[in-house]
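The structure appears below as structure tokens.
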Amino acid sequence: MVSITPLSRTALLTLLFGLLLALNSALLRADTLSASVDRTQLALDETLTLSLRFDSRDTRAEPDISAVEPFFDVLGRSQSRQLRSINGETSAFTQWQYSLAPKQKGLIQIPAFELQGARSEPLQVRVTAPQVSANAKGGDYFLERDLQPQTLYPGQQLRVRVRLNTAVALSELQITPLTVDGARLVELEDRQYQRTLNGRPYLVYEKNYALFARQPGALQLPAQMLTTVKGGSRSVFDLNRGQAVRLRTEAQQIEVKAPPANAGDDWLPADSLKLKQWLESGTTSVYAGEPVTLNLRLETEGADPARLPGLTPPALDGVRVYPEPVYDQQQAGADGLHISRSQRVGLVPTQPGTLTLPASRVRWWNSQSGEFSEATSEPITLTVLPPRQGSQPAPTAQTPATAPVQAPAVTTATTTAAVTDAETAAAAPTASTQNNADLSPGLLSPWLLWSNLAWAGLCGLLALGWWRARQRPRPPKLPAAERHDTPNRQIAERQVQQACRQGNPAQIRRAILDWADACRLTGTQPPSLARIAALGDAALQAELAALDRALFAPEAALKAAPTVKSNTPPDAGLQDRPAVNAERLLTSLKALESCAGRAQPSPPLAELYPH
């Protein structure tokens, strides 16, 4: 039985007390996350700073603040880490600061944040209306948004202009993007100009949009916020960053009316619409069987690209129609969207006579006058002459007139089109047939005939010379003579002699291998003492075996051979080494070199009939 003495009882109590203190310190040092704001009440045009502090030495992530984004705009963020030591107590914490701008008025609750198991307390902030509105006309700067027209139809263009008017220097302009549900949005060209209001000059930054409502009803345009800096310095040496300015537009609503009862499925509202057609060559007559290119073009302003009709090539009797792809050119100017849709159509008349290309018609809603209009192209009359002499007329009985084919549209974002002037590829067979019929042997000019004969004779001479060159036997390739007295070999021989004079077995072995490599004694295989010994006589094999014993079995070598005192200093560590007979080794190596030089294989005979 073990008894506890008073001393051991005191030591046990001391140990328990120390454990309690350590546990208390660990609990006090537990990771904590705290949140705070620099103000709890602010105006809608002001900002607040949210600070998150994480007391821990191990910070592996950043807190997620996405929960505040529906109520605040995050304008900036920063992070800092500090390590403190006070009275021997070391503490470390990481702090994040976020600059927040409220999006709405009222009581806003900032939710709790979590990081690595730690959780902060939620906060409440009250946002009030601006006391003095800086966004008023006549001030140093103000923001306005204009909508034209005030009421519209589905597919009609709504021009949205956001203008920043400023009489003072502003920099770092940023505006929130415009997102409208139930409408197609196209960003137009931005502009910058000057205007005068109440005798005061203003610089205007204008951002333009085009909206196309899809369905009737109320179209909601949310508010947009513009942030900029007033009085900021552009110098890198000036720490004055200026005053942050935030301007906001009001949310707007616009009515989208239902189309008229007689609108139909081809409902197309636009500010203007023009339809054109013309022949590319500008001629009014063409021979039967020869192609002619018809150009169709539809030009609109303020129309929805998704509602534009296709260009239908004309369907004519006795005419083959070959439509090319449709090209759309879209230009987003500051005043609206301009679209040009064009198509080239190849026409091949098959019988002579008078051909009339009918006018094309497109029904559309004029947004300016508020009524239906019809765009019409001018008809074209074309005289089809009989086929040229010597050409075959195009068959008409077997091949009826081709029905109009709607080619796929190709949209381009450039402001100008690149349309080639080549003839229609599909009409090439007819034109080729006609040209082949015209090229009879009697029409060939003499110079063309003689030039072809000259080219044929030159090609024949070149082919004959090439064939004769192939028949000549190729001279055999003689192997290049090996040079034995190269500088590398001479250096290797001197290194072997120097190593033998010093009597260091390791240096002797290294020098012999370098020398064998320089002489190419072992061919393509890496040199080794075993391969070198296999090439020499019994004396060389005995000396190399003695060298191996001196390196890897010095005790056995000391018993088999006397030691030799070298002339090297005592600190070189070469005394009492096994003796290596340098003279016999050098003599055997020279004999091997001479034998290897005489035993070089003669080059093989060249082939009698090389391939």
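The values are calculated or read from the model by the stated rules, or taken from the named source; none is laboratory data. The structure presented is a predicted model; accordingly, all values stated were derived computationally and were not measured. Don't worry about glycine lacking a Cβ; one is built from the backbone with ideal geometry, like all the others, and counts go over all protein chains shown. Only protein heavy atoms, including side chains, enter the accessible area calculation; ligands, DNA and RNA are left aside. Shrake-Rupley method; radii C 1.70, N 1.55, O 1.52, S 1.80 Å.
For SER51 and LEU15, FRET efficiency with R0 = 30 Å and r from the beta-carbon atoms, rounded to 0.05? Plugging the Cβ-Cβ distance into 1/(1 + (r/R0)^6) gives 0.10. R0 = 22 Å: FRET efficiency of PHE372 with LYS274, Cβ-based, nearest 0.05? Computed FRET efficiency for PHE372 and LYS274 comes out at 0.90.
Annotation for VAL74 and SER281: the two label points, set 7 Å from Cα along the Cα-Cβ direction, are 6.8 nm apart. For SER451, the solvent-accessible surface computed with a 1.4 Å probe is close to 40 Å², ligands and nucleic acids excluded.
Once all protein chains are placed together, ASP73 keeps about 40 Å² accessible to a 1.4 angstrom probe.
Separation of the alpha carbons by more than 25 angstrom is noted, of LYS137/LYS207; LYS207/LYS274; LYS103/LYS230, for LYS207/LYS274. Applied to the stretch 43-51, the Karplus parametrisation 6.51 cos²θ - 1.76 cosθ + 1.60 on θ = phi - 60° returns per-residue 3J(HN,Hα) values of 7, 5, 9, 10, 10, 10, 10, 9, 10 Hz, with x for Gly and Pro. Of the trypsin sites (Lys or Arg not before Pro) in the stretch 98-199, the ones in a loop by DSSP (not H, G, I, E or B) with at most 13 other beta carbons within 10 Å are LYS105, LYS137. Considering only GLY106, GLY117, GLY155, and ranking their Cα positions along the charge dipole of the stretch 91-169 that arises from unit charges at the beta-carbon of Lys, Arg, Asp and Glu, the one farthest toward the positive end is GLY155. Of all aspartates and glutamates in the structure, the ones whose alpha carbon falls short of 12 Å from that of LYS276, not counting any fewer than 8 places away in one chain, are GLU299, GLU378.
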